[in-house]
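A quick write-up on the structure given underneath.
The values are calculated or read from the model by the stated rules, or taken from the named source; none is laboratory data. These numbers come from a predicted model, not from an experiment. All Cβ positions, even for glycine, are placed from backbone atoms using ideal geometry, and neighbour counts span all protein chains on display. Areas reflect the complete protein model, heavy atoms only, side chains present, ligands, DNA and RNA absent. Shrake-Rupley method; radii C 1.70, N 1.55, O 1.52, S 1.80 Å.
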Amino acid sequence: MTKKLTKAVLPVAGLGTRFLPATKAMAKEMLPVVDKPLIQYAVDEARAAGITQFCMITGRGKIALVEHFDVAYELESTLRQRGKEAEIAALREAQLAPGDIVTVRQQVPLGLGHAIWCARAFIGDDPFAILLPDDLILSDTPCTQQLAEAYYETGGSVVAICEVPPDQTNKYGILKIGADDGRLVEVTGLVEKPKPEDAPSNLSIIGRYVLLPDVIEHLSRMERGAGNEVQLTDSMARMIGNTPFHGLRYKGQRFDCGDKVGFLEAQIAFALRRPEMAAQVRNFLRKYQEPA
Ligand code: UTP
């Protein structure tokens, strides 16, 4: 029987080197897009897919990420005295119920695979979603919900995928594929960061997954892969053939917020979706357009 998907793992223990110096004393996942930190977009997306239990994989200097989901008594009471009800509502939206979030320390960032392995006690025997908060997705149906639907359909692991330029396969986890109905793709192999000439396709995994718990036993081997890191992709590759494994061409637009230009584009795209500021943003953008 396909088990209900209720758990999500949020790995946030990376160093964020591409965003230095902004990430020297602050987690990359606390960077705001318009007025919400990246981590909250990820939690909101997971909640919309019915997920109720969260495990954040943290490291040094990441306390603010946990505090963000806590109750802020002093701030709330000051806001109440000042009659700022809308602001109180915004704070409450960021709260998680007691017991719904746990944290695990990764101590040393040995790679995404190692980060997920650190959540093994939380995962237990249950399927779980992984959301990398620096991948931000703008969509009508939240991406994790699309994955959850595909998980219930196939009963196996599902990863969100998109096409990447063929000369850039060496930046991504790339799929080898079998049957393809245009939406769901059967995964027959996975390679982390292959050179373009070795890449089995130009379909890449993005930072959204629903995995069966079997991945943990493969991760336990702690084998190092590309970049000498413990790669999640390598352990997922070992699951193929034992349980169903699919890629989902999700509907939506993905922004790589771990990259400076991707982050700036996300600001604009998300601001343009906000009715109270869209017109103003559109106006100022005109100032920066190159003359035709
Ligand atoms: P990235 O590859 O974006 O690495 O990690 P990074 O350290 O965050 O950023 P750069 O490349 O140095 O700028 C993808 C995701 O995996 C997490 C990161 O926090 C991010 O969400 N991660 C990565 C871990 O939690 N632990 C690790 O050891 C590595």
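Pairs are defined by a Cβ separation below 6 Å, a sequence spacing of at least 6 or placement on different chains, a first member in segment 208-229 that is among the hydrophobic types (A, V, I, L, M, F, W, C), and a second member that is within 12 Å of the ligand (Cβ to nearest atom); the pairs so defined are Leu219/Gly113; Leu219/Trp117; Met222/Val230; Ala226/Glu192; Ala226/Lys193. All conditions but one from (1) assigned to a strand (DSSP E or B); (2) surrounded by fewer than 19 Cβ atoms within 10 Å (Cβ to Cβ) apply to Cys55; the one that does not is (2). Filtered by the rule that a residue be more than 10 Å from the ligand (Cβ to nearest atom) and either in contact with a strand residue (DSSP E or B) (Cβ under 8 Å, 6 or more places away or on another chain) or touching a residue at least 40 places away in the same chain (Cβ under 8 Å) (or both), segment 7-34 gives Lys7, Ala8, Met30, Leu31, Val33, Val34.
Quick check on Arg80: is it open to solvent by 10 Å² or more (accessible area, probe 1.4 Å) and within 15 Å of the chain's Cα centre (by Cα)? Considered against the rule, which asks whether it is open to solvent by 10 Å² or more (accessible area, probe 1.4 Å) and within 15 Å of the chain's Cα centre (by Cα), Arg80 comes out as no. Out of the residues in segment 105-137 meeting the condition of being more than 8 Å from the ligand (Cβ to nearest atom) and assigned to a loop (DSSP other than H, G, I, E, B), tell me which one is most open to solvent (accessible area, probe 1.4 Å). Within segment 105-137, the match that is most open to solvent (accessible area, probe 1.4 Å) is Gln107.
Would you tally the residues in segment 232-256 being in a strand (DSSP E or B) and either within 16 Å of the ligand (Cβ to nearest atom) or without any contact (Cβ under 8 Å) to a residue 60 or more places away in the chain (or both)? So the answer is 4. Selection of first residues in segment 87-111 that are within 18 Å of Pro37 (Cα to Cα) and charged (D, E, K, R) and of second residues that are open to solvent by 60 Å² or more (accessible area, probe 1.4 Å) and in a strand (DSSP E or B), restricted to Cβ pairs under 6 Å at least 6 apart or on distinct chains, gives an empty result. If you take the residues in segment 196-231 that are of a type in the set (A, V, I, L, M, F, W, C) and either part of a helix (DSSP H, G or I) or over 23 Å from Cys143 (Cβ atoms) (or both), which one is most open to solvent (accessible area, probe 1.4 Å)? Among those residues, the one meeting the criterion is Met222. Of all residues in segment 11-30, those satisfying the criterion of being in contact with a helix residue (DSSP H, G or I) (Cβ under 6 Å, 6 or more places away or on another chain) and of a type in the set (A, V, I, L, M) are Val12, Ala13, Ala27, Met30. Of note, Ala86 does not satisfy the criterion of being within 16 Å of the ligand (Cβ to nearest atom) and either closer than 30 Å to Pro244 by Cβ or in a helix (DSSP H, G or I) (or both). Checked against the criterion of being assigned to a helix (DSSP H, G or I) and out of contact with any strand residue (DSSP E or B) (no Cβ under 6 Å at 6 or more places or on another chain), segment 154-167 has at least one qualifying residue. Please tell me if Asp140 is open to solvent by 60 Å² or more (accessible area, probe 1.4 Å), part of a helix (DSSP H, G or I) and of a type outside the set (A, V, I, L, M). Spelling it out, it is not the case that Asp140 is open to solvent by 60 Å² or more (accessible area, probe 1.4 Å), part of a helix (DSSP H, G or I) and of a type outside the set (A, V, I, L, M).
Confirm whether Arg92 is more than 16 Å from the ligand (Cβ to nearest atom) and either of a type in the set (Gly, Ala, Ser) or at pLDDT below 95 (or both). Explain how you work it out, then say what you get.
Details: more than 16 Å from the ligand (Cβ to nearest atom): yes; either of a type in the set (Gly, Ala, Ser) or at pLDDT below 95 (or both): yes.
For Arg92, the condition - more than 16 Å from the ligand (Cβ to nearest atom) and either of a type in the set (Gly, Ala, Ser) or at pLDDT below 95 (or both) - is met.
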